[in-house]
Amino acid sequence: MKKNTLKNAAWYPTAVAACIAVLLYVLLTRFPGIWEGVRGFVGHFRPLIFGCIVAYIVNPLSKLFYRGLRHTKKESARAAIANALTIVAVILFLVFALLIMIPQIAESVAMFANNL
């Protein structure tokens with residue numbers, strides 16, 4: 001005979017996750033010492049975290065270039081070329097973004113200086 005327990009309910013994992021999230025929120029807001037500890041821990045690993053975020057964002061572009069280089073016979077050369085093209089594309093994107101933003105920032109700073 002099969003027991004119908006609470007753990008078998010479809011909503012049980014969601015309820016447990018919500019309770020854990022609320023508990024974590026309460027702990028972090030009520031105890032500043034814990035929050036400072038988490039900040040310090042994350043601060044030490046910030047470059048690693050940013051690197052993982054950038055790799056996660058850039059990986060689809062690298063895969064796109066890798067699939068586009070089907071005519072290259074060697075797998076290692078294909079991967080190296082795809083990664084190099086990805087780095088160049090990201091650098092070009094950053095340059096174009098800065099070219100768009102710098103004139104607007106300069107205009108805002110000039111307007112701010114005039115208003116002073």
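The values are calculated or read from the model by the stated rules, or taken from the named source; none is laboratory data. All figures in this text were calculated on a predicted structure; none of them were measured in a lab. FYI the Cβ positions are ideal-geometry reconstructions off the backbone, even for glycines, and counts take in every protein chain you see. Ligands, DNA and RNA are excluded from the accessible area calculation, which covers all protein heavy atoms including side chains. Shrake-Rupley method; radii C 1.70, N 1.55, O 1.52, S 1.80 Å.
Packing order of peptides 80-90, 23-33, highest average first: 80-90, 23-33 (average count of other Cβ atoms within 10 Å over each peptide's residues).
What is the sum of charges, Lys and Arg at +1 and Asp and Glu at -1, for the other residues whose Cβ falls under 12 Å from the Cβ of Tyr66? Each step should come with its number before you reach the end.
Details: positive: Lys63, Arg67, Arg70, Arg78; negative: Glu75.
Neighbourhood net charge equals +3.
When the dipole is taken about the Cα centre of segment 38-111, and only Lys, Arg (+1) and Asp, Glu (-1) are charged at their Cβ, what size is it in debye, to the nearest 20? If you can, show how the numbers build up before the last one.
Details: 8 positive and 2 negative charges, 102 e Å.
That gives a dipole near 480 debye.
Each Cα pair of segment 42-83 feeds into the Kirkwood radius, which the Stokes-Einstein equation turns, at 37 °C and 0.692 mPa s, into a diffusion coefficient of 284 µm²/s.
Residues in segment 17-25 carry Karplus couplings, in order, of 4, 5, 5, 5, 5, 5, 4, 5, 4 Hz; the curve used is 6.51 cos²θ - 1.76 cosθ + 1.60 with θ = phi - 60°, and Gly or Pro positions show x. If you sort the three axes of the alpha carbon gyration tensor as a ≥ b ≥ c, you get a/c of 1.5 or more for the chain and a/b no higher than b/c, which makes it oblate.
Rounded to the nearest 10 square angstrom, Tyr66 shows an accessible area of 70 square angstrom against a 1.4 Å probe.
Each residue of segment 82-96 is assigned a 3J(HN,Hα), and the resulting list reads 4, 5, 5, 5, 5, 4, 5, 5, 5, 5, 4, 4, 5, 5, 5 Hz, derived from the Karplus form 6.51 cos²θ - 1.76 cosθ + 1.60 (θ = phi - 60°), x at Gly and Pro.
For the chain, what's the relative contact order in percent, using C-alpha pairs closer than 8 Å and at least 6 residues apart?
Relative contact order of the chain: 13 percent.
Can you work out the accessible area per residue across segment 69-112, with the rest of the protein chains kept in place, probe 1.4 Å, in square angstrom? Present the calculation step by step, with values, prior to reporting the outcome.
On the way: 3640 Å² over 44 residues.
Counting only protein heavy atoms, the per-residue value for segment 69-112 is 83 Å².
To the nearest 500 deg cm²/dmol, what mean residue ellipticity at 222 nm is calculated for the chain from DSSP H runs of n ≥ 4 alone, each contributing -39,500 (n - 2.57), summed and divided by the residues? Value at 222 nm, helices only, nearest 500: -29000 deg cm²/dmol.
Relative to the dominant Cα principal axis of the chain, helix 32-44 is inclined by about 40°. Stretching the chain fully between Phe45 and Ala17 yields a gain of 7.5 nm (0.36 nm per residue, less the alpha carbon separation).
Quick check: residue separation of Ser108 and Lys74 times 0.36 nm, minus the Cα distance between them. What number comes out in nm? Numbers along the way, then the final one.
Numbers: separation 34, 0.36 × 34 = 12.24 nm, distance 5.12 nm.
Full-extension gain reported as 7.1 nm.
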